[in-house]
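Peer 1: Take this structure, written in structure tokens, and hold onto it; I'll ask about it next.
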Amino acid sequence: MNNSVTNTARLLGAGLRALLALTLVTGVIYPLVITGIAQGLFPGKANGSEIKADGRVVGSSLIGQSYDLPLQKGQQTPEPDLKWFQGRPANGLGTNSVNTQYKLILSGATNLAADNEVLVQQVKAAQAAVIRDNSVPDYTVKPSGIPADAVTSSGSGLDPDISPQYAELQVHRVAERNGLSVAQVEKLVEDHTQGRTLGFMGEPRVNVLELNIALKELVGGH
């Protein structure tokens, strides 16, 4: 009986020591080491790829933002502020029903098939808006010149980038709204166009937040 109690106590003690050791290694030491390596080698990415402007954090290069006018009385959906470059549509985002006092940004896709009538109507409405918003007296947007990312949302709905083609489509409108020349805005887009990752992965892209920050600086110094 005494041997059985002694063996049980020994096994429990060994298990407890193993638990404490593994908790220390995997729950304390390992996270601290990985955090230290990340902060030392990739501090920007480790801290959320923050983007700063005017001395404060204004967003992340990984999460898209909206550039809308303030809601007017009676409005349910804000209108885009057309002096800024606009990102992709954000269809398919979920709604926050847990804490309704906090407008949580949720990620989500539409999960609609290509022939789904809801998706078809969304694309048609987005196409009409792109043509209407970006056609100015000296430049008319043609349906054939609208890239796919201008009328469809990404899988997450929070894509921070647009294609160079969509950025270029907005150049004339942005130039007119901000009193800039088309050449100035085209140069801005060119300077903020990133190539494929490692030269072969993905597609060329333009980060909308970084582009709009540069636009603000250009307008301020104009």
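The values are calculated or read from the model by the stated rules, or taken from the named source; none is laboratory data. Every value quoted in this text rests on a predicted model; they were computed, and no experiment measured them. Cβ sites come from the backbone with ideal geometry, for glycine too, and all protein chains shown count toward neighbours.
Peer 1: Restricting attention to the range 130-147, which residues are in a helix (DSSP H, G or I) and in contact (Cβ under 8 Å) with a residue 40 or more places away in the chain?
Peer 2: Asp133
Peer 1: Right, another one. Can you go through Gln86, Gln121, Gln127, Gln101 and tell me which one is surrounded by 11 or more Cβ atoms within 10 Å (Cβ to Cβ), over 20 Å from the mean Cα position of the chain (by Cα) and either assigned to a loop (DSSP other than H, G, I, E, B) or at pLDDT 90 or above (or both)?
Peer 2: Gln127
Peer 1: Condition (residue is outside the structural domain of Gly157 (by TED's automatic domain parsing), assigned to a loop (DSSP other than H, G, I, E, B) and surrounded by fewer than 13 Cβ atoms within 10 Å (Cβ to Cβ)) applied to the range 29-46: is it met by at least one residue?
Peer 2: Yes; the residues of the range 29-46 include at least one that is outside the structural domain of Gly157 (by TED's automatic domain parsing), assigned to a loop (DSSP other than H, G, I, E, B) and surrounded by fewer than 13 Cβ atoms within 10 Å (Cβ to Cβ).
Peer 1: Scan Val57, Val5, Val25 and give me the residue that is assigned by TED's automatic domain parsing to the domain that holds Gln122, farther than 30 Å from Ala129 by Cα and β-branched (Val, Ile, Thr). Show your work before the answer.
Peer 2: On the way: Val5 fails: assigned by TED's automatic domain parsing to the domain that holds Gln122; Val25 fails: assigned by TED's automatic domain parsing to the domain that holds Gln122.
When all the criteria are applied, what remains is Val57.
Peer 1: If we keep just the residues of the range 175-205 that are of a type in the set (A, V, I, L, M) and under 21 Å from the mean Cα position of the chain (by Cα), which is farthest from Asp133 (Cα to Cα)?
Peer 2: Taking the candidates together, the pick is Leu198.
Peer 1: Among the residues of the range 68-76, is there at least one that is touching a Ser or Thr at 6+ places or on another chain (Cβ under 7 Å) and in contact (Cβ under 8 Å) with a residue 12 or more places away in the chain? Walk me through it before giving the result.
Peer 2: Step one: filter the range 68-76 for residues touching a Ser or Thr at 6+ places or on another chain (Cβ under 7 Å), giving none.
So far as the range 68-76 goes, no, none of its residues is touching a Ser or Thr at 6+ places or on another chain (Cβ under 7 Å) and in contact (Cβ under 8 Å) with a residue 12 or more places away in the chain.
Peer 1: Sort through Leu180, Leu209 and tell me the only one that's touching a residue at least 12 places away in the same chain (Cβ under 8 Å), under 21 Å from Asp54 (Cβ atoms) and either in contact with a Pro (Cβ under 9 Å, 6 or more places away or on another chain) or among the polar types (S, T, N, Q) (or both).
Peer 2: Just one listed residue meets the conditions, Leu209.
Peer 1: What about Asp133, is it more than 21 Å from the chain's Cα centre (by Cα) and either modelled with pLDDT under 95 or of a type in the set (A, V, I, L, M) (or both)?
Peer 2: no
Peer 1: Looking at (1) over 24 Å from the mean Cα position of the chain (by Cα); (2) at pLDDT 95 or above, which one does Asp138 not meet, given that it meets all the others?
Peer 2: Asp138 satisfies every listed condition except (2).
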